[in-house]
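A.B. asks: Sharing a structure, written as structure tokens. Questions coming.
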Amino acid sequence: MDILQIVGLGLSVTFLTLILKQRNPVFALVVSLIAGVFILLMMIDQIRLVMEMLKNMAQTAHLNNVYVATILKIIGIAYISEFGAQIAKDAGQSSMAGKIELAGKLIILVMAIPILTAIVETVMNLMPQVGGG
Amino acid sequence: MSLDVNTIFQIAGIGIIVAMIQTVLKQMGKDDWAQWVTLIGFIVILYMAATLIDDLFERIKQVFLYM
């Protein structure tokens, strides 16, 4: 019963941070950060299962390995940047959170460039030659 | 990998104790010592947090970049 553990952990950490925030706001932030790390660590085995399934499906469909790896990397970047941005937002630094999210989006866009070019090339090959006679 | 929830409560305990020490030292009139105690408690906690975050990032790398 992972979910019971996680909900209990989350609730107790919430109350602990409420107590700590009056005395030492920085410590409260670190406690909530570590709770987030723990919850992600508990969840990472499930994520691994989903990723294995995706990889197996891609192998049975004979997809190009590079594209699947890129998509997995993009999902990982999204998780990590979201995590960091939420921590920064918790600390009241929403501008820093915005910058972390911006960096995540940009890196995702850069990693998606090979896929985008492949799509455009496929579409160009499908299209009939216009004006070529 | 040390998946141990006790770390969270350890850190919360360190925070509360440091806050208590700080109050006592301030009432004794030693403000500079209070500052040092807070700083050192914060460094210890930050070290623990950094270890855990490093663990998490390694795991994420294993899961997402493993191809």
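A.B. asks: Filter the range A:60-95 for residues that are acidic (Asp, Glu) and farther than 22 Å from B:VAL63 by Cα and give the result.
C.D. replies: Across the range A:60-95, the qualifying residue is only A:ASP90.
A.B. asks: Here is a further query. When both residues are 6+ apart or on different chains and their Cβ atoms are under 9 Å apart, which pairs have a first residue that lies in the range A:39-56 and is closer than 9 Å to B:VAL63 by Cβ and at pLDDT 85 or above, and a second that is surrounded by 14 or more Cβ atoms within 10 Å (Cβ to Cβ) and hydroxyl-bearing (Ser, Thr, Tyr)?
C.D. replies: Between residues of the range A:39-56 that are closer than 9 Å to B:VAL63 by Cβ and at pLDDT 85 or above and residues that are surrounded by 14 or more Cβ atoms within 10 Å (Cβ to Cβ) and hydroxyl-bearing (Ser, Thr, Tyr), the close pairs are A:ILE47/A:TYR79.
A.B. asks: Another question about this same structure. Out of (1) within 27 Å of B:PHE42 (Cβ to Cβ); (2) at the interface with chain B (Cβ under 7 Å from one of its Cβ atoms); (3) touching a helix residue (DSSP H, G or I) at 6+ places or on another chain (Cβ under 6 Å), what's the single condition that is false for A:ARG48?
C.D. replies: The single condition A:ARG48 does not satisfy is (1).
A.B. asks: Do we find that A:GLU101 is free of Cβ contacts under 8 Å to residues at least 40 places away in the same chain, more than 18 Å from B:ALA49 (Cβ to Cβ) and away from chain B (no Cβ under 14 Å) in this structure?
C.D. replies: Judged against the criteria, A:GLU101 is a match.
A.B. asks: Mind telling me which of the residues B:ILE17, B:ILE40, B:ILE11, B:ILE21 ends up being within 8 Å of chain A (Cβ to nearest Cβ), in a helix (DSSP H, G or I) and without any contact (Cβ under 8 Å) to a residue 60 or more places away in the chain?
C.D. replies: Just one listed residue meets the conditions, B:ILE11.
Condition check ((1) surrounded by fewer than 17 Cβ atoms within 10 Å (Cβ to Cβ); (2) of a type outside the set (Lys, Arg); (3) at pLDDT below 90) across all residues:
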{"site": "A:ASN64", "(1), (2), (3)": "yes, yes, yes"}
{"site": "A:LEU72", "(1), (2), (3)": "no, yes, yes"}
{"site": "A:ALA78", "(1), (2), (3)": "yes, yes, no"}
{"site": "A:SER81", "(1), (2), (3)": "no, yes, no"}
{"site": "A:GLY98", "(1), (2), (3)": "yes, yes, no"}
{"site": "A:MET111", "(1), (2), (3)": "yes, yes, no"}
{"site": "A:MET127", "(1), (2), (3)": "yes, yes, yes"}
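A.B. asks: Please specify each residue of the range A:1-45 satisfying the condition of being more than 7 Å from chain B (Cβ to nearest Cβ) and either of a type in the set (S, T, N, Q) or more than 25 Å from the chain's Cα centre (by Cα) (or both).
C.D. replies: A:GLN5, A:SER12, A:THR14, A:PHE15, A:THR17, A:LEU18, A:ILE19, A:LYS21, A:GLN22, A:PRO25, A:SER32
The values are calculated or read from the model by the stated rules, or taken from the named source; none is laboratory data. Treat the numbers as computed from the prediction; the structure is a model and nothing was measured. Every residue, glycine among them, receives a Cβ derived from its backbone with ideal geometry; neighbour counts consider all protein chains shown.
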